[in-house]
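The values are calculated or read from the model by the stated rules, or taken from the named source; none is laboratory data. Nothing here was measured: the structure is a model prediction, and the numbers come from that model. With ideal geometry, Cβ positions are generated from the backbone for all residues, glycine too; neighbour counts draw on all protein chains shown. Protein only, heavy atoms only, side chains kept; ligands, DNA and RNA dropped before computing areas. Shrake-Rupley method; radii C 1.70, N 1.55, O 1.52, S 1.80 Å.
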There are 2 protein chains.
Amino acid sequence: MFEYEYPRAALAVDCVVFGLDETDLKVLLIQRKLAPFQHAWALPGGFVRLDEELDAAARRELEEEAGVSDVYLEQLYTVGTLGRDPRERVVTVAYYALAKLSDHRIRAATDAMGVGWFSLDDLPKLAFDHREIVEHAVLRLRGKVRYAPIGFELLPPRFSLTQLQKLYEMVLGTGLDKRNFRKKMLAMDLLVETDEVEQGVRHRAARLYRFDRRKYDRLTKQGFEFAM
Amino acid sequence: MFEYEYPRAALAVDCVVFGLDETDLKVLLIQRKLAPFQHAWALPGGFVRLDEELDAAARRELEEEAGVSDVYLEQLYTVGTLGRDPRERVVTVAYYALAKLSDHRIRAATDAMGVGWFSLDDLPKLAFDHREIVEHAVLRLRGKVRYAPIGFELLPPRFSLTQLQKLYEMVLGTGLDKRNFRKKMLAMDLLVETDEVEQGVRHRAARLYRFDRRKYDRLTKQGFEFAM
């Protein structure tokens, strides 16, 4: 095996896992036990093994450091800024994922002090350039709802249009007009009306919908039609 | 300086530079002088230096290997598949860019056999997994025209709507309805009508337009409005 003879950067992965609860969009952080940035909060992540795929490294670190498995990770971008790690040159491949908070019982790994979900508008000081990575991930997610459906991983199997709108509002960080939202959403032909209505609510029970999975997958793959 | 004691992957960059001429979308390739994949065509690229930013490495390789400078490179994604390089573990950060063919006088570097622009539907056999990287870049570019303006780097300062439509058709790889295209394009309020008309054409000379640069930049940054 031929090896290049020059000093090499270390290669890492970092994961931005967004979680949704009833009120807002949160991000999963772990608290570092060791220096550098000892005791600071940081994205779960770590070094890629020489015989390991990048995606596999991200999944492994997420499981090891925060006890989270079974999330669908997508590559975000790669950051290699000089000096981003005080120790040496570290290039990190950032990933992001959406998760339902209630599905994941997180736990701090032995090499972490803590683990938790933080609201985006109330993040603690983060280690390294992790705050920038989180901001980049938020922009990507907000961009993405413009051309791909979201919600499948985040909503219960049957949901009301109000729940769906709430989800979009949390992701976009802004209120949306109810009538307009419903009109556009139904026009996409992505939702299937079910026979069921909300249970145990005091107001008038709303109709429940589900995603048309085939349509959802197709739109995810192709993106929305470019209307030209 | 603290160094992790384990074998490390080599870190590389590769560039997919798309060029437009009058007829189609082309991609810039160089021909490898040395093994592996000796004499095969490949994307311009190479190893990142330890003290070099990723973007700078991509720009340097493009200049060194193909004589191309001054293109706006965007990060595409990072590929680290095991076995993608027969020599050892190489993780590559792929970039892509749009260029006007006529602006770039390409030249093969001393360590390349050749350099050239190839039509996407007539690519030679490519080294490594470079064909996959090209395909990924095409999908990204096609996806991108759905939510960001294109054309500034590719069209002359003043252009007809036919030229603009041709550009979209080449990028999307499909014909578009003329009336519909114009209607949508003008509705975006991105174009400014000029006093000029086409010169030296035999048919009726068409009105020339230019981009509203401020609007263009804003749309590039924010993406198109998500109509909700």
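Quick notes
- Test for B:V115: is it modelled with pLDDT of 90 or more and crowded, with 18+ Cβ neighbours inside 10 Å: no
- The set of residues in the range B:125-146 being under 18 Å from the mean Cα position of the chain (by Cα) and of a type outside the set (A, V, I, L, M, F, W, C) consists of B:D129, B:H130, B:R131, B:E132, B:E135, B:H136, B:R140, B:R142, B:G143, B:K144, B:R146.
- Looking only at the range B:185-217, and only at residues there that are of a type in the set (S, T, Y) and modelled with pLDDT of 90 or more, the one that is nearest to A:L139 (Cα to Cα): B:Y209
- Hey, A:L20 on the phi < 0 side of the Ramachandran plot, modelled with pLDDT under 90 and away from chain B (no Cβ under 14 Å) or not: yes
- Test result for A:T220, open to solvent by 40 Å² or more (accessible area, probe 1.4 Å), modelled with pLDDT under 85, within 23 Å of A:V138 (Cβ to Cβ) and within 14 Å of chain B (Cβ to nearest Cβ): yes
- Hits in the range B:35-48 - residues which are open to solvent by 10 Å² or more (accessible area, probe 1.4 Å) and outside any loop (DSSP other than H, G, I, E, B): B:W41, B:G45, B:G46, B:F47
- From the list A:D70, A:D51, the lone residue that is within 9 Å of chain B (Cβ to nearest Cβ), surrounded by fewer than 17 Cβ atoms within 10 Å (Cβ to Cβ) and outside any strand (DSSP E or B) is A:D51.
- The listed residue being more than 30 Å from A:E88 (Cα to Cα) and within 11 Å of chain A (Cβ to nearest Cβ), out of B:A57, B:A35, B:A42: B:A35
Quick grid of which residues meet (1) in a strand (DSSP E or B); (2) under 30 Å from A:K221 (Cβ atoms); (3) touching a strand residue (DSSP E or B) at 6+ places or on another chain (Cβ under 8 Å):
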{"site": "B:R146", "(1), (2), (3)": "no, yes, no"}
{"site": "B:P149", "(1), (2), (3)": "no, yes, yes"}
{"site": "B:T174", "(1), (2), (3)": "no, yes, no"}
{"site": "B:Y209", "(1), (2), (3)": "yes, no, yes"}
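- For the range B:104-145, the set of residues classified as of a type in the set (K, R) and in contact (Cβ under 8 Å) with a residue 24 or more places away in the chain consists of B:R105, B:R107, B:K125, B:R140, B:R142, listed by residue number.
- A Cβ distance below 8 Å, combined with a sequence gap of six or more or placement on separate chains, defines the contacts here; from the range B:18-34, residues that are assigned to a strand (DSSP E or B) reach residues that are buried (at least 20 other Cβ atoms within 10 Å of the Cβ) and hydroxyl-bearing (S, T, Y) in the pairs B:F18/B:Y96.
- Qualifying residue in the range B:180-198 (condition: β-branched (V, I, T) and assigned to a loop (DSSP other than H, G, I, E, B)): no
- Residue tally, condition surrounded by 11 or more Cβ atoms within 10 Å (Cβ to Cβ) and either of a type in the set (V, I, T) or within 11 Å of chain B (Cβ to nearest Cβ) (or both), over the range A:189-213: 3
- Test: residue in the range B:149-168 that is over 24 Å from the mean Cα position of the chain (by Cα) and at pLDDT 90 or above: no
- Test: residue in the range B:90-99 that is open to solvent by 10 Å² or more (accessible area, probe 1.4 Å), hydrophobic (A, V, I, L, M, F, W, C) and either more than 30 Å from B:K166 (Cα to Cα) or in contact with a Cys (Cβ under 8 Å, 6 or more places away or on another chain) (or both): no
- Members of the range A:54-67 found to be touching a His at 6+ places or on another chain (Cβ under 9 Å) and either open to solvent by 50 Å² or more (accessible area, probe 1.4 Å) or part of a loop (DSSP other than H, G, I, E, B) (or both), listed by number: A:G67
- Qualifying residue in the range B:15-28 (condition: farther than 20 Å from B:V115 by Cα and either buried (at least 21 other Cβ atoms within 10 Å of the Cβ) or touching a Leu at 6+ places or on another chain (Cβ under 6 Å) (or both)): no
- Taking every residue in the range A:66-88 that is over 20 Å from A:F118 (Cα atoms) and pairing it with any residue that is of a type in the set (K, R) and in a loop (DSSP other than H, G, I, E, B), at least 6 positions away or on another chain, the pairs with Cβ-Cβ distances below 8 Å are A:G80/A:R89; A:L82/A:R89.
- B:L82 vs. criteria part of a loop (DSSP other than H, G, I, E, B) and either open to solvent by 20 Å² or more (accessible area, probe 1.4 Å) or within 14 Å of another protein chain (Cβ to nearest Cβ) (or both): yes
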